[in-house]
Every structure is written in structure tokens, then in C-alpha cells.
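The values are calculated or read from the model by the stated rules, or taken from the named source; none is laboratory data. These numbers were taken from a predicted model, which means no experiment stands behind them. Ideal geometry is used to build each Cβ from the backbone, glycine not excepted, and the neighbour counts take in all protein chains shown.
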Amino acid sequence: MLTNNLSLLKRASREGFAIPAINTQGGNYDIVWACCKAAQNLRSPIILAHYVSTGAYSGNDFFVEVAKWCANKVDVPVSIHLDHGDGFAICMEALRLGFTSVMIDGSTRPIEENAAMTNEVINVARHFDVPVEAEIGELLRLDNGVPMENKNIVDPEEVRRFLELCQPDTLAIGIGNAHGYYQGKPDIHLEVLEAVREFTDIPLVLHGCTGMEESVIKDAIKLGVAKINFGTEIRYKYVQHYQEGLEHLNHQGHSWKLSQFANEALTKDVENIIRLSGSAHTV
């Protein structure tokens, strides 16, 4: 069922579990339906995330329609989320299209500008009853697993200052995490989360979980992370499963057979993420 995720995120933060947010490659049906099936199978909430650049192919409205259709085929909470919205306009489009949460990412800007951008979106989103995620500490981008510049480890005092200037519903904090596959063991600074927890109980968000040690993710959840984001792992595994179907199935050129094969395999992958998050059997 389609739902607003704020109350569940607050509960997750209090009770020590997280809700998985899975980037769906622009509303790919095989991926979206795998997420919803996995959530239904394990009685977990799930967040279907939409990264703006993937909408350039399918259209942001396409993602919403596929996500809504799949969400309404199950009876566990499913929310649809704009990931890394980079400005006011795209967040407003998301609100008009029916996203149930949005992220405004001003993390590349100075704190004051980031907070001002965030407040602009919050002021409108409140009228739609849609929660807003903000970010402080620019998320690293990986080039073949190598971070180009390690500049996203945030000073907790910067987080305090940011939250004095704006009040988002959830907050992603840079702690050495990155988009993409890590090369070797990532340098994740959990002490930043620990320090932030001393002055705020806002539900926290951990981006870039692909390739992160499970123990690190679990420790982050204990420190108030209520949403864990997976994108790279899911898209690579989807392609891998599709290739396996091409090689081993007697598909006779039927693309639906390949999609079904990839969907069923990916459902198990998403179930593993749900188990990692601790959200199984919470609804």
C-alpha cells in the first residue's frame, strides 16, 4: 500500500531498525516489483527511490505510475521517494506527481545556502504532507571504486548549525560514504553519527551502502540511521540476473521470461537487504 513514510522512519530510529530505500532505475518494473514482493514476503516497509538522472530515459511520471501500481498490489507500507533532487523545480514536480517523500540535496553549497534551499522545499512540502530529506556533506562519487576527493566527512558542529537554520524530517550526513562500488574497505566515520546523536533525534539516512561492511551498516542503524540506500548493488545484480537468463533459460526470444527470471532472483537480493536493515516483520 502506498504511504507516507515519516512515522515509520521515526519509529525505526527509536526502535533500532532501518527502512531500505532501493533505487529502481527509473521505474524498471522488474526492480520495482521485486522490491514490493520482497517487502510483502518479509512483512517490511520499503522505499522505492527515484534518482533524477534515470528519469531522463523513462520519465519521472512513468516511475510514479509503475511504483503506485506495484505498491497497491501489496499490503505492506511502500513509499516513493525522490532521491537527490538538486533544486526547487524538480522537488515541486515530484510533489505534483505524487511522490510521498522528497530529498533536496544542497550538500555542494555552503551551509547557509543549503539550509535556505531546504527551507524553500519544506515550506511547500508541508502543504502536501510530504516529508523532506536534506543532506549535509557532499556524497563522494567513485571512479572505478576510487574516491576522487574525500571531502564529505562532516563536522558535527556543522550539522548542529544546519539544524538551527532548517528543520528537515530526515537528514543524510556525510561520514565517508560514497555512490558506487568501494575499492577495498571504505573509511566510514561512525563517530560522527554518535556525536550528532547527542544533540538531535532526527532520523538519519545512510547513502552509498553498496559494498559497505554489514557490521558497519548495523552499527550505523544502532546510532539512529533509519533509512539505508542501495542503488549500485541492485542495478548490477539485475543486469547479472538478466545475463544469466540469456545464457541458461530456454527463453525462445520471450523477454517476459527473462524479466521474470531476473525479477525472482532480485527479489531474494532485496530480501537480504531487508534482513540486514532489521525491518523484517515490523509491519
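Points to keep in mind about this one:
- Residue check for residue 17: out of contact with any strand residue (DSSP E or B) (no Cβ under 7 Å at 6 or more places or on another chain) and of a type in the set (Phe, Trp, Tyr): yes
- Taken over region 217-238, the criterion of being without any contact (Cβ under 8 Å) to a residue 60 or more places away in the chain and hydroxyl-bearing (Ser, Thr, Tyr) is satisfied by 232, 236.
- Taking region 182-209 as the range and being of a type in the set (Ser, Thr, Tyr) and at pLDDT 90 or above as the test, only 200 passes.
- One residue from 246, 193, 258, 171 being surrounded by fewer than 19 Cβ atoms within 10 Å (Cβ to Cβ) and touching a helix residue (DSSP H, G or I) at 6+ places or on another chain (Cβ under 9 Å): 246
- Among the residues of region 210-249, those identified as of a type in the set (S, T, N, Q) and at pLDDT 95 or above are 215, 229, 240, 243.
- Residue 109 being without any contact (Cβ under 8 Å) to a residue 60 or more places away in the chain, surrounded by fewer than 21 Cβ atoms within 10 Å (Cβ to Cβ) and not in a helix (DSSP H, G or I): yes
- Among the residues making up region 153-162, those that are surrounded by fewer than 22 Cβ atoms within 10 Å (Cβ to Cβ) and either closer than 16 Å to residue 105 by Cβ or of a type in the set (D, E, K, R) (or both) are 155, 157, 158, 160, 161.
- Across region 78-94, the number of residues qualifying as under 17 Å from residue 22 (Cβ atoms) and in contact with a helix residue (DSSP H, G or I) (Cβ under 6 Å, 6 or more places away or on another chain) comes to 3.
- Summed over region 64-91, residues that are crowded, with 16+ Cβ neighbours inside 10 Å and more than 27 Å from residue 152 (Cβ to Cβ) total 10.
- Within region 198-231, being farther than 22 Å from residue 270 by Cα and surrounded by fewer than 17 Cβ atoms within 10 Å (Cβ to Cβ) holds for 198, 199, 200, 201.
- For residue 264, the conditions (1) within 21 Å of residue 46 (Cβ to Cβ); (2) surrounded by fewer than 22 Cβ atoms within 10 Å (Cβ to Cβ); (3) in contact with a Pro (Cβ under 9 Å, 6 or more places away or on another chain) are fulfilled apart from (3).
- Condition met for residue 241 (farther than 20 Å from residue 42 by Cα and either surrounded by fewer than 20 Cβ atoms within 10 Å (Cβ to Cβ) or in contact with a Leu (Cβ under 9 Å, 6 or more places away or on another chain) (or both)): yes
- Conditions (1) touching a helix residue (DSSP H, G or I) at 6+ places or on another chain (Cβ under 7 Å); (2) within 30 Å of residue 167 (Cα to Cα): number failed by residue 237: (2)
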